[in-house]
């Protein structure tokens, strides 16, 4: 990492070369796709065991949140029925 003496900003070495020259519309699109491919190379695919574990964790969490929302909805429903009542009953 190199430090710019004027502003004190830390910039990556070599990154300024890309920023210094102006890229056209298609140059920016090509740069975007090169960066996307570079990031996709860093992705690690989970093993089958990890995938099953993560899926179960998500499903259990969703069930817990569903129960919490159902419970709060029921409590607020009873509370509004108690406070406002139903005309004619």
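The values are calculated or read from the model by the stated rules, or taken from the named source; none is laboratory data. No experiment lies behind these values; they were computed from the predicted model shown. We place every Cβ from the backbone using ideal geometry, glycine too, and count neighbours over all the protein chains shown.
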Query - Complete set of residues in region 79-89 that are assigned to a helix (DSSP H, G or I) and exposed (fewer than 10 other Cβ atoms within 10 Å of the Cβ) - result: 82, 83, 84
Query raised in the report: residue 23 fails exactly one of the following numbered conditions: (1) in a helix (DSSP H, G or I); (2) surrounded by 10 or more Cβ atoms within 10 Å (Cβ to Cβ). What is the number of that condition?
Result: (1)
Requested in this report: Please give the number of the condition residue 47 fails out of (1) at pLDDT below 95; (2) exposed (fewer than 10 other Cβ atoms within 10 Å of the Cβ).
Outcome: (1)
